[in-house]
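The structure's right below; bear with me while I get my questions together.
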Amino acid sequence: MSTIDDGLLSLLPHRPPIAMLLRVISLESDTLVCEARVDEASAFAEQGIVPGVIAIEMAAQACAALETLGRLQRGESGEARQGYLVGARGVTTCGSFRAGLVCRVQVTRDAFAPPLALFKFDVSAKNDGAPIASGLLSAYIDAPPVA
């Protein structure tokens, strides 16, 4: 079973058991593709089944990683910042998926007016590409701490 990459954890304010991202597959400009899963022991899983809406949290964590990696590419601080999901639009989800399923998560920054950002997201099963969730997320990203 895949485990969370320690380098990836440094990009997120999340820690296990809530951290779901496993590894980054690609990063191009404003798009991140990664793998994620909900652990079988997660509070989000009941009898091995996860509600499809939980894929929104997977996407939100991928947005956080994209935001941090983008700052690193611009030569800014790579410190993980707190972010807050403030909205979701046009979201479609499957009814449920099984815990432990490795998912492919793609997020693209669609608009950015600090401290707000809009991201398109798509979550699918890695093994067969079955759709799990898609839509738009709005996020508020904290400014860096003032020294």
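The values are calculated or read from the model by the stated rules, or taken from the named source; none is laboratory data. No experiment lies behind these values; they were computed from the predicted model shown. For neighbour counting, all protein chains shown are included, and Cβ atoms are generated from backbone atoms with ideal geometry for every residue, glycine included. Just so you know, the surface numbers come from the protein's heavy atoms only, side chains and all, with ligands and any DNA or RNA stripped out. Shrake-Rupley method; radii C 1.70, N 1.55, O 1.52, S 1.80 Å.
For the stretch 107-119, check the following and say yes or no: at least one residue is of a type in the set (Gly, Ala, Ser) and over 22 Å from ILE54 (Cα atoms).
Looking through the stretch 107-119, at least one residue is of a type in the set (Gly, Ala, Ser) and over 22 Å from ILE54 (Cα atoms).
Scanning the stretch 95-111 for residues that are assigned to a strand (DSSP E or B) and either free of Cβ contacts under 8 Å to residues at least 12 places away in the same chain or of a type in the set (Gly, Ala, Ser) (or both), which turns out surrounded by the most Cβ atoms within 10 Å (Cβ to Cβ)?
Ranking the candidates gives SER96 first.
State which residue pairs qualify: first residue on the phi < 0 side of the Ramachandran plot and inside the stretch 65-94, second residue assigned to a strand (DSSP E or B) and open to solvent by 80 Å² or more (accessible area, probe 1.4 Å) in any location, beta carbons under 7 Å apart, and separation of 6 or more residues or different chains.
Pairs that qualify, where the first residue is on the phi < 0 side of the Ramachandran plot and the partner is assigned to a strand (DSSP E or B) and open to solvent by 80 Å² or more (accessible area, probe 1.4 Å), are GLY83/TYR140; TYR84/TYR140; VAL86/TYR140; CYS94/PRO131.
Just to verify a result, which residue in the stretch 15-31, among those that are open to solvent by 40 Å² or more (accessible area, probe 1.4 Å) and in a loop (DSSP other than H, G, I, E, B), is modelled with the highest pLDDT?
So, considering only residues that are open to solvent by 40 Å² or more (accessible area, probe 1.4 Å) and in a loop (DSSP other than H, G, I, E, B), the one modelled with the highest pLDDT is ASP30.
Here is a further query. Consider GLY90 carefully, then state whether it is over 14 Å from ALA60 (Cα atoms), among the small types (Gly, Ala, Ser) and assigned to a loop (DSSP other than H, G, I, E, B). Full working, then the answer.
Numbers: over 14 Å from ALA60 (Cα atoms): yes; among the small types (Gly, Ala, Ser): yes; assigned to a loop (DSSP other than H, G, I, E, B): no.
Spelling it out, it is not the case that GLY90 is over 14 Å from ALA60 (Cα atoms), among the small types (Gly, Ala, Ser) and assigned to a loop (DSSP other than H, G, I, E, B).
Considering only residues that are among the small types (Gly, Ala, Ser) and either open to solvent by 30 Å² or more (accessible area, probe 1.4 Å) or touching a Gly at 6+ places or on another chain (Cβ under 7 Å) (or both), which ones fall in the stretch 53-69?
ALA64
Output the residue which, of all residues in the stretch 112-147 that are in a strand (DSSP E or B) and over 22 Å from LEU12 (Cβ atoms), is most open to solvent (accessible area, probe 1.4 Å). So that I can check it myself, show each step before the final result.
First pass over the stretch 112-147, keeping only residues in a strand (DSSP E or B): 112-113, 116-125, 131-141.
Filter once more, keeping what is over 22 Å from LEU12 (Cβ atoms): 113, 125, 131.
On the way: ALA113: 65, ALA125: 7, PRO131: 106 Å².
Across the stretch 112-147, the extreme among qualifying residues is PRO131.
Assess whether ASP122 counts as being within 15 Å of the chain's Cα centre (by Cα) and either under 14 Å from ALA36 (Cβ atoms) or charged (D, E, K, R) (or both).
Yes: the conditions hold for ASP122.
Looking at (1) in a loop (DSSP other than H, G, I, E, B); (2) surrounded by fewer than 16 Cβ atoms within 10 Å (Cβ to Cβ), can you tell me which one LEU72 breaks?
Single failed check for LEU72: (1).
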